[in-house]
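Any read-out appearing in this document is the output of simple, stated calculations on the displayed coordinates, not a laboratory observation. Since the model is a prediction, treat every value here as computed from it, not as a measurement. Cβ placement follows ideal geometry from the backbone for every residue including glycine, while neighbour counts extend to all protein chains displayed.
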Amino acid sequence: MRMFIDAVTPPPSEMVIQEEQICTFDRKIGDVTGDGIDDFVYLTGHKKSPDAIYQEGITISVVDGVTNEVTEQVLDLNGGYGSALFLGDFNQDEISDIYVSISSGGSGNINYYYIYSFKDKTPAQLLDYQTLNQLYEWSVRFLDHYRVEVINDTLNQTYELNLSFKNKEFLQKYYDSEGKTREGIEGEVLPLGGLSPIMTPRGKGAYSLLSSQVIIGTAMVDHLGVIEIYLTYQEGKFIPYDMVIGEQGNIE
């Protein structure tokens, strides 16, 4: 949807319950429309009060660097915390795209991500977090002798983690004194926790992505390992080109 800076004053209402002011959560400058002139990119929305940290109605607003025309895209998300912008060329058209990161605020460190192209002032979604969360199905099983089996059910690939370096208190939750797995215990892979732009050899401002998902036991705090997936944009979508799975803090 496009509009211009000059706004029309709405008619007065007989009863106003609460006025929510538009807040600017982040801003960047760069050419995102493709005309060679820097544009002004804002991440806006509203909060229930000036001191509130929960952000709602998060919207990308691009102000054209020549005409001041505003193009907006409302994100398909109820809200979150600490929303931020990054500009970089992800779809290899030599025009900066708009990357948005938003925290869920939960204990699992789960985050939401979007990437949009605003070429020719037309918003086009290149990626959202749900697409990456649905990329693979995972199973996590505990094995005897302090091992964990991580199965990519989609690709029918199996990886193994060694938990023997964990402290005794942690291991007692999942293994008996002889290192045998306790019955009825399974782990899981959390939704997307990180999605980082990584520079590519294609040139200045060109980026691919590195995603990360944490592998946990029966509790959010019981981190077993991490899955890192490298993605690049090809034929209209992000596709994985490498995957690394290992104990957290011990990825090679």
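How big is the dipole moment of the chain about its Cα centre under a simple scheme where the beta carbon of each Lys and Arg is +1, that of each Asp and Glu is -1, and everything else is neutral? Debye, nearest 20, please. Intermediate results must be reported in sequence, preceding the final value.
Values: 17 positive and 38 negative charges, 98 e Å.
For this selection, approximately 460 debye.
Given N residues in the range 129-252, what is its alpha carbon radius of gyration divided by 2.2 N^0.38 Å?
Values: Rg = 16.4 Å, N = 124, 2.2 N^0.38 = 13.7 Å.
Rounded to two decimals, the normalised Rg is 1.19.
Run the numbers on the chain and let me know its relative contact order in percent, using alpha-carbon pairs under 8 Å that are six or more apart.
Working: 557 pairs, mean separation 29.5, N = 252.
For the chain, the relative contact order is 12 percent.
What value in Å³ per residue do you get for the convex hull of the alpha-carbon atoms in the chain?
Working: hull volume 40.3 nm³, N = 252.
Here the figure is 160 Å³ per residue.
Counting DSSP beta bridges in the chain, what percent are antiparallel, to the nearest 5? Display every interim value, and only then the final one.
Details: 79 of 80 bridges.
Percent antiparallel among DSSP bridges in the chain is about 100.
Considering lysine pairs in the chain that are 8 or more places apart or on different chains, how many have Cα atoms under 17 Å apart? Please report the intermediate quantities before stating the final value.
Details: LYS28/LYS119; LYS28/LYS121; LYS119/LYS237; LYS166/LYS180; LYS168/LYS180.
Total qualifying Lys-Lys pairs in the chain comes to 5.
Over all distinct alpha-carbon pairs, what is the Kirkwood Rh of the range 25-111 in angstrom? Please report the intermediate quantities before stating the final value.
Details: mean 1/r = 0.0722 Å⁻¹.
After inverting the mean inverse Cα-Cα distance, the result is 13.9 Å.
Could you go through the range 128-137 in sequence order and give the Karplus-derived ³J(HN,Hα) for each residue, using 6.51 cos²θ - 1.76 cosθ + 1.60 with θ = phi - 60°, rounded to whole Hz, and x for Gly and Pro?
9, 4, 5, 4, 6, 5, 9, 5, 9, 9
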